[in-house]
Amino acid sequence: MTLSFDLEIASLFRLDPPDFVEARNALEKRVRKAGEKLLAGAIKALQRPSPVAWAANQLYWEARPLHDAIASVGARIADHLASGDVAAFQELLGERRAALQTAQRWCEQKLRDSGHPPSPALARDLGATLDGVSLAGATGGVTPGRLTEALTAGGFDALAAFSASLPAPTQIAPTPS
């Protein structure tokens with residue numbers, strides 16, 4: 001795949017959902033005409049993003065620092081799991097929660113601005129999708145900015161619940177010499 005086609009594919013996911021199918025079909029025809037039949041078929045198979053996926057994509061394209069905050073904190077949590085540092089783990093979970101709330105507010109406003117006021121179900125799906133994006137920061141599980149449907153909740157909510165049951169970290173005083 002040439003870089004220009006990859007950039008054009010990426011640009012599809014920046015479009016408002018009603019414009020996606022027409023632009024995808026036009027790109028597919030151009031790619032097919034260029035002799036890239038396999039790529040044209042892959043483009044034709046791209047699904048129009050759901051409102052939730054579209055909002056999460058826009059977070060990536062328009063508010064990259066917010067997207068990167070949820071993705072990077074997920075990766076840092078995964079790195080800290082092996083360390084056994086409960087205090088740092090709990091601090092990172094708090095940072096993750098705050099980053100997810102900020103990202104969710106941004107996405108909900110984007111949806112309102114586009115004429116899709118978030119219902120409680122849409123807000124729940126958006127929260128699960130952003131949670132999945134956070135988990136993907138640790139696993140590399142999704143292509144940022146190219147979601148087509150809502151993601152299911154990742155594994156950090158279970159870890160957060162588990163961490164709440166952990167004893168508070170204690171300070172161990174050095175033994176006198």
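The values are calculated or read from the model by the stated rules, or taken from the named source; none is laboratory data. Everything numeric here is computed off the predicted structure, so don't read it as measured data. Here the Cβ is made from the backbone with ideal geometry for all residues, glycine too, and neighbour counts use every protein chain on show. Only protein heavy atoms, including side chains, enter the accessible area calculation; ligands, DNA and RNA are left aside. Shrake-Rupley method; radii C 1.70, N 1.55, O 1.52, S 1.80 Å.
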If you add up the charges near His80, with Lys and Arg at +1 and Asp and Glu at -1, over every other residue whose beta carbon is less than 14 angstrom from its beta carbon, what do you get?
-2
Within straight cross-link reach of Lys110, meaning Cα distance under 20 Å, which aspartates and glutamates are found once same-chain residues fewer than 8 apart are removed?
Asp16, Asp19, Glu62, Asp68, Asp125, Asp131, Glu149
Extension length gain for Leu38 and Ala121 (0.36 nm per residue less Cα distance), in nm, is 26.2 nm
Computed label-point distance, nm, for sites Ser83 and Arg97 using a 7 Å Cα→Cβ extension
1.9
Lysines near Lys29 by alpha-carbon distance under 28 Å, same-chain residues fewer than 8 away left out - which ones?
Lys37, Lys44
Hey, if we sort Trp106, Trp54 by accessible area with the 1.4 Å probe, largest down, what's the order?
Trp106, Trp54
Mind jotting down a quarter of the surface of the convex hull over the alpha carbons of segment 62-122, in square nanometres, one decimal?
4.8
How many nm separate the modelled label positions at Ser4 and Glu22, each set 7 Å beyond the Cα in the direction of the Cβ?
2.4
Might you work out the accessible area of Thr148 for me, using a 1.4 Å probe with all protein chains in place, and round it to the nearest 10 Å²?
40
Projected onto the charge dipole of segment 1-96 (+1 at Lys/Arg Cβ, -1 at Asp/Glu Cβ, origin at the Cα centre), which of Gly84, Trp54, Ala42 gives the Cα projection farthest towards the positive end?
Ala42
Quickly work out the Thr152-to-Ala75 label distance, labels modelled 7 Å from Cα along the C-beta direction, and quote it in nm with one decimal.
2.6
Mind jotting down the distance between the C-alpha centroids of segment 8-27 and segment 107-128, whole Å?
21
Heavy-atom accessible area of Ser50 with all protein chains present, probe 1.4 Å, nearest 10 Å²?
40
For all pairs of alpha-carbon atoms in segment 1-99, what percent lies in each bin of width 10 Å, listed from the first bin to the last filled one?
14, 32, 23, 18, 11, 2
